[in-house]
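Have a look at the structure below, then the notes.
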Amino acid sequence: MPDYDLLVVGGGINGAGIARDAAGRGLAVALVEQDDLAGHTSSASTKLIHGGLRYLEQYEFRLVREALRERERLLAIAPHIIWPLRFVLPVGEGMRPAWLLRLGLFLYDHIGGRKTLPATQSLRFQGSGLGAGLAPHVRRGFAYSDCWAEDSRLVALNAVDAAARGAAVMTRTKLVAARREGGVWHAKLRNAVGERGVTAGMIVNAAGPWVCNVLSGALGVDTRRRTRLVKGSHIVVKRIYRGEHAYIFQNPDKRIVFAIPYERRFTLIGTTDEVFQGDPASVAASPADIAYLCESVGRWLARPVEAADVVWSYAGVRALFDDGSASAREITRDYVLDLDAPKGGAKLLSVFGGKITTYRRLAEQALKKLGVPGAAWTAGEALPGGDIPERNFSAFVDDLKRQYSFLPATLGQRMARAYGTRATRILGRAVTAAALGEDFGGGLTEAEVDYLRREEFAVTADDILWRRSKLGLHVPADTSGRLRAYLGET
């Protein structure tokens with residue numbers, strides 16, 4: 001008997017989602033990730049759970065329909081880290097005409113069976129709070145609904161649940177090599193301690209930008225499938241408008257750029273779409289990317305956004321399935337599951353493409369393609385911390401703040417958002433802030449750090465400050481050093 005029924009390579013959203021689903025069906029699962037969970041693409045998104053309004057222009061109706069249906073499901077199973085967000089789409093001269101936008105939004109409202117989110121509405125911005133910060137020449141537009149997500153926490157919670165269901169989650173562990181011997185894979189894994197061998201009945205290659213590298217390298221498999229690596233850059237600036245709505249701005253090059261309320265005090269602006277060549281691990285927003293994003297939002301706003309306003313930037317590389325499209329903007333965001341199952345040989349499934357919104361459905365389809373038995377179950381099962389009574393997040397926050405009245409209001413809100421019902425695993429029976437141990441800054445305490453190490457596979461200060469949270473934007477300059485010392489980082 002092999003050590004595992006399924007070995008999943010890649011700890012991004014697709015790998016974590018597949019591991020969770022498979023473990024919940026009773027399989028012996030191992031998930032290996034060469035860096036941290038969501039260490040690359042899955043923490044570098046625009047943080048949206050959405051259907052992809054612009055994909056309608058590319059006739060991606062199946063993808064949009066599936067994504068919109070998933071939007072409703074994910075909102076239900078993770079109401080702490082996913083929540084509704086109203087988007088304002090201004091109309092401008094030389095851009096897509098108003099009638100076309102209205103038609104697209106009508107389809108967007110109806111193609112996915114919208115149930116809980118508000119419908120589209122037409123807007124006149126004069127005197128409207130939904131036009132806050134816009135230039136005077138921008139007079140009309142539309143508002144529609146999608147959802148916001150804590151992307152890297154979504155990955156971590158899928159891995160946490162997979163582990164709770166028996167999966168072995170191994171971060172900082174790389175698949176070095178694997179070979180088939182009949183119906184079993186013999187794999188060699190490497191971490192900081194050394195190398196060890198494991199066996200598995202099946203392998204899923206969900207390595208994102210490295211999917212082809214894993215195929216031709218560690219697995220020694222040739223495939224006709226190819227990826228197109230597309231770089232998406234984002235910038236964060238101090239809040240540039242009032243209100244809790246987001247903007248979706250059109251550009252003359254037909255791309256769109258979002259401006260989204262972020263981390264209370266900031267605005268997130270993104271993204272770019274450009275073909276990328278190089279090492280995905282070293283991707284960063286270039287001065288040209290930053291200038292493009294500033295110009296894109298600046299043409300719609302009353303006050304310009306300049307490079308000097310940027311307090312943080314990040315970039316990620318999406319491994320999209322190469323469908324032969326001429327430009328990065330036109331490449332499909334749909335996923336392709338490639339099964340290599342030679343007669344009498346162990347199965348290998350490689351994941352090409354995909355987006356955060358459809359990860360759960362992708363996992364179901366992956367296990368179906370592998371022939372894994374058991375009913376699909378993840379659509380109705382809350383992610384860790386998401387079992388909020390009646391899905392009433394506001395009431396839950398109020399209850400948590402009453403229970404731990406010593407917490408500052410902003411900290412209580414953050415704990416509820418990040419951990420949901422699991423916040424009590426950190427706060428325990430504490431009745432004073434001192435009971436939570438040292439405060440490293442920004443309300444990050446020993447109790448929270450210890451929980452993230454124990455329960456969420458966090459190892460380094462960056463894991464905690466930039467992936468399990470975005471506290472890196474809020475804490476004092478000395479927090480990172482103090483935290484590294486506490487964690488024993490060298």
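The values are calculated or read from the model by the stated rules, or taken from the named source; none is laboratory data. All of these numbers come straight from a predicted model, not from anything done at the bench. Neighbour counts run over all protein chains shown; Cβ positions are idealised from the backbone, glycine included. Accessible surface areas use protein heavy atoms only, side chains included; no ligands, DNA or RNA. Shrake-Rupley method; radii C 1.70, N 1.55, O 1.52, S 1.80 Å.
Results, tabulated for the structure shown:
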{"read-out": "At most 15 other Cβ within 10 Å, DSSP loop - GluC sites (Glu not before Pro), the stretch 321-411", "value": "E381"}
{"read-out": "Lysines with Cα under 30 Å of K355, excluding same-chain neighbours fewer than 8 positions away", "value": "K47, K115, K174, K188, K231, K238, K254, K347, K368, K369, K470"}
{"read-out": "Percent accessible area from carbon and sulfur atoms, the stretch 142-231, protein chains only, probe 1.4 Å", "value": "47 percent"}
{"read-out": "For the chain: relative contact order, % (alpha-carbon pairs under 8 angstrom, 6 or more apart)", "value": "19 percent"}
{"read-out": "Per-peptide average of other Cβ atoms within 10 Å, ordering 474-482, 196-204 highest first", "value": "196-204, 474-482"}
{"read-out": "Sequence ranges 225-231, 129-135, ranked by mean other-Cβ count within 10 angstrom, highest first", "value": "225-231, 129-135"}
{"read-out": "The stretch 417-457 and the stretch 341-385: distance between their alpha carbon centers, rounded to Å", "value": "33 Å"}
{"read-out": "Residue-normalised accessible area of the chain, given per residue in Å² at a 1.4 Å probe", "value": "41 Å²"}
{"read-out": "Pair-distance profile P(r), taking every C-alpha pair of the stretch 1-157, with 10 angstrom steps and integer %", "value": "10, 30, 30, 18, 8, 3, 1"}
{"read-out": "Gap separating the Cα centres of the stretch 1-44 and the stretch 233-271, nearest whole Å", "value": "32 Å"}
{"read-out": "Unit charges on C-beta of K, R, D, E only; dipole of the stretch 149-255, Debye", "value": "340 debye"}
{"read-out": "Share, in percent, of DSSP beta bridges within the chain that are antiparallel, nearest 5", "value": "80 percent"}
